[in-house]
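For reference, the structure is listed below as structure tokens.
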Amino acid sequence: MGLLQGATELFPVSSLGHAVLVPSLLHWSFKQSDPAFVPFLVLLHLGTAAALLILYRTQWVQIIRGFFTAALRGRITNDSERLAMLLMTGTIPAAILGVFLENRIKSLFASPYAAAGLLVANGGLMLGAEMLRRRAERRVQAASLSRIEQEERFTDAAHISFAAAALVGACQALAFLPGISRSGVTIGGGLLAGLRHQESARFSFLLATPVILGAALIEIPQLLNARVPVVEFAAAAVLAGVAAYLSARFLLRYFRSGRLDPYGWYCVAAGLVSLALLHFGL
Amino acid sequence: MTRSTPLAVGLAVLGVVFIVIAALYAFGVLQILVSDPSSPHHYTHMILFIVLAVASFVAANFARPKTV
């Protein structure tokens, strides 16, 4: 479960959707009503957030320093400061929607059928984002260029507009729906905002870090109060962190020239197969 | 960002309002849109409104007309 969560949290295939679907399809005796479930999930998220912090440790130092410098000065003078403000702009809508709507949305759609259906929708969203991106590539006359050259026609994370950052951030709230991937919708949103694929993935991971870390830290009191098998849960958190780190490294490399299409088709196929398996009770 | 004194003052006032709301959630006075109304404190909501207050003060500083 730790490996599954760590890997699927960053791959654009919905960790929540897989967390709902896989135990149900494999008949794992993992009950979400179990008092140990929330502490377990908290530790897995802490593992994932730690992996992202380690991966981007240098950038986070610059971003945090940039945030305080720009906030106190009231003016942005470099890319780190702009990126810090873009991340704050993108995090706020997700935090508002998360605090007020997360539990309601999750309880409404917490069935394997809904997760499978939304996984298909997630695939559709990513394929749609890539379709619009190809249209944009034709507009900037990049269709005949190599993939690397095509990507160079687009911008980096520090240079999107604040409105686009807020919109991409708000897209994160869609990930409260099991089956909709946080990284899928934010990478897709980044592409529509004119980011290169790799930059869109980087922006998505940077944007996810405070949200995942914040959500996990808020639940820590529950973790301290619960009687849980600490060693087993800590091992799962480490596995989640390792899987998340390797996934992020792989995805950043992949998105130098790769697209969201394979993940989109995977989600459509996995969602349809899951719907069939659930329907026929296999 | 548009720089004007009224906008900066408005954002600063908004920040103060957010701090008041954060305190009301922390002491359990406000129960709007909470998942567990029986809980005496709503720290998640409190943290959110503190973050919003910080963001408002930062935005106010950006909106403040600069002399240089």
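The values are calculated or read from the model by the stated rules, or taken from the named source; none is laboratory data. Keep in mind it's a predicted model, so treat the numbers as computed, not measured. Cβ sites come from the backbone with ideal geometry, for glycine too, and all protein chains shown count toward neighbours.
Quick notes on this structure:
- Residue among A:ILE218, A:ILE160 that alone is surrounded by 16 or more Cβ atoms within 10 Å (Cβ to Cβ) and in contact with a strand residue (DSSP E or B) (Cβ under 7 Å, 6 or more places away or on another chain): A:ILE160
- Only one entry of A:ARG82, A:ARG133 meets the criterion of being of a type in the set (D, E, K, R), more than 14 Å from every other protein chain (Cβ to nearest Cβ) and crowded, with 16+ Cβ neighbours inside 10 Å, and that entry is A:ARG133.
- Of all the numbered requirements in (1) without any contact (Cβ under 8 Å) to a residue 24 or more places away in the chain; (2) away from chain B (no Cβ under 14 Å), A:ASN103 misses one, and that requirement is (2).
- Segment A:106-130, residues that are more than 14 Å from chain B (Cβ to nearest Cβ), in a helix (DSSP H, G or I) and of a type in the set (Ser, Thr, Tyr): A:TYR113
- Filter result (over 20 Å from A:ARG182 (Cα atoms) and surrounded by 19 or more Cβ atoms within 10 Å (Cβ to Cβ)) within segment A:143-157: A:GLN150, A:GLU151, A:PHE154
- Checklist (1) basic (Lys, Arg); (2) modelled with pLDDT of 90 or more; (3) assigned to a helix (DSSP H, G or I) applied to A:ARG138, failing item: (2)
- Sole residue being in contact with a helix residue (DSSP H, G or I) (Cβ under 8 Å, 6 or more places away or on another chain), at the interface with chain B (Cβ under 10 Å from one of its Cβ atoms) and in contact (Cβ under 8 Å) with a residue 60 or more places away in the chain, chosen from A:ALA95, A:ALA70: A:ALA95
- Considering only residues in segment B:21-55 that are within 29 Å of B:ALA8 (Cα to Cα) and of a type in the set (Ser, Thr, Tyr), the one that is modelled with the lowest pLDDT turns out to be B:TYR43.
- Some residue of segment A:107-130 being out of contact with any Lys or Arg (no Cβ under 7 Å at 6 or more places or on another chain), within 18 Å of A:HIS197 (Cα to Cα) and surrounded by fewer than 17 Cβ atoms within 10 Å (Cβ to Cβ): yes
- Single condition A:ILE76 does not satisfy, out of (1) assigned to a helix (DSSP H, G or I); (2) buried (at least 18 other Cβ atoms within 10 Å of the Cβ); (3) at the interface with chain B (Cβ under 10 Å from one of its Cβ atoms): (1)
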